[in-house]
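Chemist: My questions all concern the structure below.
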Amino acid sequence: MGHSFLPSDPTAMSQDDNLIDFASERGKRIHDLKDKRLNEMRQAFEQALPLSPVKARKKAKKPKKR
């Protein structure tokens, strides 16, 4: 009888599902922290230099026809 590398117990494979990839989790966390910092900076800039609303923009002057 040969040795099989596959476990005979199907529940043994479920242990791999519980493993955590710390590198990917850390990457997600760092991404979230950078997003939070970006949003804070965006809000600070909007308070310091408020953007004019789209409606308030000046229309381009049309050249006069001669």
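The values are calculated or read from the model by the stated rules, or taken from the named source; none is laboratory data. Only a predicted model underlies this, so the values are computations on that prediction, with no experimental measurement involved. Methodologically, a virtual Cβ is constructed for each residue, glycine included, from the backbone with ideal geometry; neighbour enumeration extends over all protein chains shown.
Chemist: Looking at (1) at pLDDT 70 or above; (2) in a loop (DSSP other than H, G, I, E, B), which is the one condition that is false for LEU6?
Modeler: (1)
Chemist: Does the stretch 47-66 contain at least one residue that is surrounded by 10 or more Cβ atoms within 10 Å (Cβ to Cβ) and either at pLDDT below 95 or not in a loop (DSSP other than H, G, I, E, B) (or both)?
Modeler: No: the stretch 47-66 contains no residue that is surrounded by 10 or more Cβ atoms within 10 Å (Cβ to Cβ) and either at pLDDT below 95 or not in a loop (DSSP other than H, G, I, E, B) (or both).
Chemist: With the condition kept exactly as written, say whether any residue in the stretch 11-26 is modelled with pLDDT of 75 or more, part of a helix (DSSP H, G or I) and surrounded by 10 or more Cβ atoms within 10 Å (Cβ to Cβ).
Modeler: yes
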